[in-house]
Amino acid sequence: MDELSDLMSRYAQGDDLAFDRLYELLSPRLCRFCLRLVPRRWEAQDLFQETFLRLHRARGAFVPGSNVIPWAFAIARSVSLDRRRYRRRRPEDLGSAKDAAELERPATGDGHNPEGTARARDLFELIGNELATLSEGNRLAFVLLREEGLSVDEAAAVLGTTKDAVKQRAHRASEQIRAALEAAGWKEDSDGDRWPAVSIRA
């Protein structure tokens, strides 16, 4: 059992002292996933907070020893769907969607190679912008498998669908992103500089 699963198991059994470390380990990945679920940073922050509240309320349902990440992601997606249904009943102006461009960027270099760092940031932005154009099913399948490293089984559980559907959606997303990267000139060159592989294997 890894540390995160051990902490969640302890927390589920009433050990409140495990919460601080659990939050420290889980929050970065959960926050990143929330940023992929909704287009605006303030929405993602609200979604993240409500997800942790529901996680607390549902902690007794956690199966000790199981993987925390898919379980937490499934809660986040459920919260997101509930919010979407609520907005459909009470439409309102949610403001500009430009916050989607403010997704947290990963660390890209050590400062000794400014050109390489800039290229990595450009690549990250290009992929993020292309992800924003995908259908939710395709986007989340890609994110869960490629960004979060979940298994096909785990991704299917988060999305409430079949393994075959996850593979198909992720493949379609990969092909669209690959085409966008190639159209932008991100191809392997004579120096071996290339963009990361985005293929999804069954």
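Before moving on, here are some points about what is shown:
- In segment 1-51, residue nearest to Ser135 (Cα to Cα) [restricted to those that are of a type in the set (Lys, Arg) and free of Cβ contacts under 8 Å to residues at least 60 places away in the same chain]: Arg21
- Those helices (runs of 4 or more DSSP H) of segment 1-93 in which at least 1 residues are in contact with a Cys (Cβ under 9 Å, 6 or more places away or on another chain), considering only elements entirely within it, cover 41-57, 68-89.
- Of the helices (runs of 4 or more DSSP H) contained entirely in segment 94-202, those carrying at least 2 residues that are surrounded by 13 or more Cβ atoms within 10 Å (Cβ to Cβ) and modelled with pLDDT of 90 or more fall at 136-142, 152-159, 163-183.
The values are calculated or read from the model by the stated rules, or taken from the named source; none is laboratory data. If you're wondering where the values come from, they're calculated on a predicted model, not measured in any experiment. Please note: Cβ atoms are built from the backbone with ideal geometry, for glycine as well, and neighbour counts cover all protein chains shown.
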